[in-house]
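A short write-up of the structure that comes next.
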Amino acid sequence: MSLPPIQRQVSLRPYHTFGTDAFASALAVADQPETLWALWNHPEFRDRPRMLLGGGSNVLFVRDFDGLVLLNRLGGLAEVDSDGSHVLLRAGAGVLWHHMVHYAVERGWGGLENLSLIPGLCGAAPMQNIGAYGAELKDVFHELEALDLQSGEVLRFDRQACQFGYRESVFKRQAAGHYAILSLTVRLALRPTLNVTYGAIQDTLKQMGIVEPSVSDVSKAVINIRQSKLPDPAVLGNAGSFFKNPEVGAAQAAELADRFPGMPQYPGGEGMIKLAAGWLIEQCGWKGKRLGNTGAHAQQALVLVNYGGATGAEIWQLACDIREAVLQQFGVTLVPEVNRVG
Ligand SMILES: Cc1cc2nc3c(=O)[nH]c(=O)nc-3n(C[C@H](O)[C@H](O)[C@H](O)COP(=O)(O)OP(=O)(O)OC[C@H]3O[C@@H](n4cnc5c(N)ncnc54)[C@H](O)[C@@H]3O)c2cc1C
């Protein structure tokens, strides 16, 4: 097997959505599992840092990457099974996430519409159990195939094995760095029940004059909301929400509600209470604040942006300053959702 070319000293700017100018010593594209495995084991890089990159919409390079960046571009999107009520749709890890969503929406298959237009590729979607507008990948997840990067074995993970949580999975915790996700299969409803409980979806459907929405209508509403609320990385570098919404115990939540009337609180996992990270950041005065070439977005404080020319280290410093401010004011520690590299 002949290996694809390995590029040297490559700017990563086109390969991640923060648009900072970190360099990788080497970069290669894998479009087959065998190539991915061979590149991963390339003698030159076996003892050096190696990383997989999808669409680069959830990473922050804080310095140059002195090793091999492998772009996962495994293709293929197909219906693999159907039982009359559901269909299984499988995508290669390198397929654009929204392409999979669009494919399902066009056919009226339900389950992905609330997750329309999330940037990135299918292979990274299970990493943090992507979620938006009242839905999460885990709701429709069937299985994934992953390459064990130590043994070369291809394993299947069902929902339980993935240990999905809020913006979490086993691949971000115990199994971090152990696997390359090769494919993702979701289970979609042929006669869907739509999830339009989220207020913004209801309002947008109303504005669109739609009373009995279809899968396609919900997808369009979500796209409208996202395009009006979130900065487009092609225009303003960002990686979506920089921090997760923090979860606190009931006692702390009650004490916070007492001290800060109007603080939004939602049910979290396992009896915890979820706080809105964007609100906490805004209360600390960071919304729309700019520091040099970086800042917290004017419409959505949770989104840190690169106004042009910012370095990854500057963005990370901004994140640290914001985290410290929230800790001082509320006693709550924000955890980054974005994966720091370096
Ligand atoms: C404007 C904007 C809006 C966003 N909105 C949302 C949102 O609503 N909800 C949400 O959940 N996220 C959101 N995100 C975050 C991001 O889109 C998702 O996390 C997405 O799944 C990342 O995919 P990616 O291919 O870009 O991953 P990358 O950024 O390339 O990689 C993310 C991590 O996964 C690893 N990885 C990538 N591919 C593989 C693979 N095949 N196997 C193993 N590891 C891999 C990488 O090493 C890295 O650690 C948003 C981002 C932006 C820029």
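Annotations
- Hey, GLY92 small (Gly, Ala, Ser), surrounded by fewer than 22 Cβ atoms within 10 Å (Cβ to Cβ) and modelled with pLDDT of 95 or more or not: no
- Among the residues of region 140-176, just one is among the small types (Gly, Ala, Ser) and in contact with a strand residue (DSSP E or B) (Cβ under 8 Å, 6 or more places away or on another chain), namely ALA146.
- Qualifying positions in region 67-84 - within 13 Å of the ligand (Cβ to nearest atom) and either of a type outside the set (D, E, K, R) or surrounded by fewer than 16 Cβ atoms within 10 Å (Cβ to Cβ) (or both): GLY67, LEU68, VAL69, LEU70, LEU71, ASN72, LEU74, GLY75
- Unmet criterion (only one of (1) among the small types (Gly, Ala, Ser); (2) in contact with a strand residue (DSSP E or B) (Cβ under 9 Å, 6 or more places away or on another chain); (3) closer than 27 Å to GLY19 by Cβ) for ALA254: (3)
- In region 80-101, the condition of being more than 20 Å from GLY55 (Cβ to Cβ) and without any contact (Cβ under 8 Å) to a residue 40 or more places away in the chain is met by at least one residue.
- On inspection, PRO261 qualifies as of a type outside the set (Lys, Arg), more than 23 Å from the chain's Cα centre (by Cα) and at pLDDT below 95.
- Some residue of region 33-43 being in a strand (DSSP E or B) and buried (at least 20 other Cβ atoms within 10 Å of the Cβ): no
- Scanning region 45-96 for residues that are more than 16 Å from ASP31 (Cα to Cα) and touching a Gly at 6+ places or on another chain (Cβ under 7 Å) returns PHE45, ARG48, PRO49, ARG50, SER57, ASN58, LEU60, PHE61, VAL62, ARG63, PHE65.
- Considered as a group, the residues in region 99-113 that are surrounded by fewer than 21 Cβ atoms within 10 Å (Cβ to Cβ) and at negative phi include one that is nearest to the ligand (Cβ to nearest atom), and that residue is HIS99.
- Test for ARG63: is it under 21 Å from GLY94 (Cβ atoms), surrounded by fewer than 17 Cβ atoms within 10 Å (Cβ to Cβ), more than 13 Å from the ligand (Cβ to nearest atom) and within 22 Å of the chain's Cα centre (by Cα): no
The values are calculated or read from the model by the stated rules, or taken from the named source; none is laboratory data. Just so we're clear, the structure is a prediction, and the values are computed from it rather than from any experiment. Using ideal geometry, Cβ is built from the backbone for each residue, glycine included, and neighbour counts are taken over all protein chains shown.
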